[in-house]
1. Return yes when His142 is over 17 Å from Pro47 (Cβ atoms) and either buried (at least 21 other Cβ atoms within 10 Å of the Cβ) or touching a Lys or Arg at 6+ places or on another chain (Cβ under 7 Å) (or both) and no when it is not.
2. Since Glu67 meets every condition but one in (1) under 13 Å from the mean Cα position of the chain (by Cα); (2) more than 20 Å from Leu190 (Cα to Cα), which condition does it not meet?
3. Taking the stretch 169-206 as the search range and keeping residues that are under 19 Å from the mean Cα position of the chain (by Cα) and without any contact (Cβ under 8 Å) to a residue 40 or more places away in the chain, which one is farthest from Ala108 (Cα to Cα)?
4. From the residues in the stretch 54-77 that are charged (D, E, K, R) and touching a strand residue (DSSP E or B) at 6+ places or on another chain (Cβ under 9 Å), which one is farthest from Pro111 (Cα to Cα)?
5. Limited to the stretch 104-117, what total is found for residues that are small (Gly, Ala, Ser) and over 8 Å from Pro71 (Cβ atoms)?
6. Answer yes or no: is there a residue in the stretch 108-130 that is surrounded by fewer than 18 Cβ atoms within 10 Å (Cβ to Cβ), of a type in the set (D, E, K, R) and touching a helix residue (DSSP H, G or I) at 6+ places or on another chain (Cβ under 8 Å).
7. With the structure loaded, tell me whether Trp166 is surrounded by 15 or more Cβ atoms within 10 Å (Cβ to Cβ), of a type outside the set (A, V, I, L, M), more than 18 Å from Arg36 (Cβ to Cβ) and without any contact (Cβ under 8 Å) to a residue 40 or more places away in the chain or whether it fails that test.
8. Does Arg189 count as within 18 Å of Phe44 (Cβ to Cβ), surrounded by fewer than 20 Cβ atoms within 10 Å (Cβ to Cβ) and of a type in the set (D, E, K, R)?
Amino acid sequence: MSKAVPSLAAAVAALSAFFLTAPVTAQSRGEPARARIGAEAPTFVLPALDGQAHSLAAHRGKMVVLEWISPDCPYVAKHHERNPTVRDLLDKFRSRGVVWLAVASREAADPSRLAARAEAWGLTFPVLLDRDGVVADAYNAHATPHVFVIDPAGVLRYSGAIDDNWSADTVGATNYVEIALSTLFAGERLERTVTVPYGCPIRTRN
């Protein structure tokens with residue numbers, strides 16, 4: 001998996017070009033469908049830090065994890081800087097072709113701060129910019145981190161926290177995302193499909 005962190009100058013130039021020519025969502029800024037467990041996940045098109053457009057539909061046939069992040073949130077740093085939670089998950093499921101996408105919404109979608117954090121945290125997956133929060137609203141993303149697992153058929157199967165410890169430092173004994181991925185890959189029914197996400201609040205439109 002190649003590193004997806006461009007230089008700041010290149011990121012700004014690429015993003016400027018993207019926002020002048022491309023839609024933020026597949027609905028061209030219309031209202032996307034709302035996320036519901038057991039239903040098809042809302043589609044979207046968002047730019048990454050390198051200006052490349054990423055479409056959820058392009059990953060149909062693979063397990064997709066969406067993780068809402070913020071460059072200044074200690075609860076996100078808990079899983080990327082102070083502990084290798086996400087890195088370990090990626091290593092465990094790399095051979096299964098899991099697609100991991102970070103999403104930063106509204107004020108968190110700051111290219112310079114995100115690029116610096118992505119480099120410091122060693123992120124190897126795309127960081128997508130949801131500047132107007134349309135995608136966050138569609139998924140009802142509450143906090144950073146808030147994680148969603150989408151199965152290969154495009155159906156939303158899990159929404160909630162990464163783990164069961166609400167501190168900003170200590171990793172919980174139960175990793176809900178690991179359980180969700182392992183259960184779904186085994187073709188079994190996921191018992192816990194929703195947990196309460198904890199972390200830094202995402203500003204809503206209302």
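The values are calculated or read from the model by the stated rules, or taken from the named source; none is laboratory data. Note that the coordinates shown come from a computational prediction; the quantities given were computed from them, not determined experimentally. Backbone-built Cβ (ideal geometry, glycine too); neighbour counts: all protein chains shown.
1. Spelling it out, it is not the case that His142 is over 17 Å from Pro47 (Cβ atoms) and either buried (at least 21 other Cβ atoms within 10 Å of the Cβ) or touching a Lys or Arg at 6+ places or on another chain (Cβ under 7 Å) (or both).
2. (2) is the only condition that Glu67 fails.
3. Top of the filtered list is Ser182.
4. Quick first cut of the stretch 54-77, residues charged (D, E, K, R) only: 60, 62, 67, 72.
Still in the running and touching a strand residue (DSSP E or B) at 6+ places or on another chain (Cβ under 9 Å): 62, 67, 72.
On the way: Lys62: 27, Glu67: 17, Asp72: 13 Å.
It comes out as Lys62.
5. Restricting attention to the stretch 104-117, the residues satisfying the condition of being small (Gly, Ala, Ser) are 104-105, 108-109, 112, 115-116.
Checking the rest, the ones that are also over 8 Å from Pro71 (Cβ atoms) come to 105, 109, 112, 115.
Within the stretch 104-117, residues that are small (Gly, Ala, Ser) and over 8 Å from Pro71 (Cβ atoms) number 4.
6. We begin by selecting, within the stretch 108-130, every residue surrounded by fewer than 18 Cβ atoms within 10 Å (Cβ to Cβ); these are 110, 112-113, 116, 119-120, 122, 124.
In the following step, the residues that additionally are of a type in the set (D, E, K, R) were identified as 110, 113, 119.
From the residues that got through so far, the ones that are touching a helix residue (DSSP H, G or I) at 6+ places or on another chain (Cβ under 8 Å) too are none.
Within the stretch 108-130 (the criterion being surrounded by fewer than 18 Cβ atoms within 10 Å (Cβ to Cβ), of a type in the set (D, E, K, R) and touching a helix residue (DSSP H, G or I) at 6+ places or on another chain (Cβ under 8 Å)), the answer is no, since none of the residues qualifies.
7. Numbers: surrounded by 15 or more Cβ atoms within 10 Å (Cβ to Cβ): no; of a type outside the set (A, V, I, L, M): yes; more than 18 Å from Arg36 (Cβ to Cβ): yes; without any contact (Cβ under 8 Å) to a residue 40 or more places away in the chain: yes.
So Trp166 does not fit the description; no.
8. Values: within 18 Å of Phe44 (Cβ to Cβ): no; surrounded by fewer than 20 Cβ atoms within 10 Å (Cβ to Cβ): yes; of a type in the set (D, E, K, R): yes.
Against the criterion (within 18 Å of Phe44 (Cβ to Cβ), surrounded by fewer than 20 Cβ atoms within 10 Å (Cβ to Cβ) and of a type in the set (D, E, K, R)), Arg189 does not qualify.
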